[in-house]
């Protein structure tokens, strides 16, 4: 009951902060579904309740404006990545038999990748999680928009999800959102295929 109330509050508040956009709403829907199913099967809360993220208004960029688009990457990163529950992920992985030394220097996203590998039996977790790592790197680039190596780093982000350089900022932004949707769809497929923990183990 607690998790149901927590989940409803968490996701309803985030959705209220989204301007209407089908892609972003679909990402939140799939994220919600995935985290609900993980909790039902493993009693693991993948996200923390970050009040700053809930209050920090997300605005879907409507034009090909570099600053607006990279600001949107930063806001989306807060919701999808910065809210990952690092301590809960570490605890779950340790309980799964992963040695503490393997987890010591891992950040939230790397822990999430390892969680997907170990709990969802995903041997290709690194490739599956690529859109999340690209989103994170785009958030980093938001702090370095005027630096000389910006284009090199930005083009690398495009290359990692199979996009050539000849695309504007807005069109690539939409592709990033679509890639995140596909990743969440696959994560939901994986969790649906898992039987859950063995009560006799």
Burial ordering of 73, 58, fewest other beta-carbon atoms within 10 Å first
58, 73
Taking 7 Å along the Cα-to-C-beta vector as the label spot, tell me the residue 33-residue 124 distance in nanometres, rounded to one decimal.
2.0
Which of 167, 79 comes first, and how do the rest follow, when ranked by fewest Cβ neighbours within 10 Å?
167, 79
Shape verdict for the range 18-173, please, from the Cα gyration tensor: rounded (a/c under 1.5), prolate (a/b greater than b/c) or oblate.
prolate
Förster radius 25 Å - calculated FRET efficiency between residue 101 and residue 140, Cβ distance, rounded to 0.05
0.40
How do 160, 139 line up, fewest other C-beta atoms within 10 Å first?
160, 139
Gained length - residue 171 relative to residue 193, 0.36 nm times residue gap less alpha-carbon distance:
4.6 nm
For the range 57-140, what does the alpha-carbon gyration tensor say about shape, rounded, prolate or oblate, given a ≥ b ≥ c as the root eigenvalues, a/c under 1.5 as rounded, and a/b over b/c as prolate?
prolate
What nm value, rounded to one decimal, do you get for the distance between residue 151 and residue 41 when each label is placed 7 Å out toward the C-beta?
4.5
Distance from the range 173-192 to the range 62-126 (C-alpha centre basis), Å:
14
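Each reported figure results from applying straightforward, stated rules to the coordinates on display, with no laboratory input. Everything quoted here is computed from the prediction, not taken from an experiment. Reconstructed Cβ throughout: ideal geometry from the backbone, glycine too, with neighbour counts over all protein chains shown.
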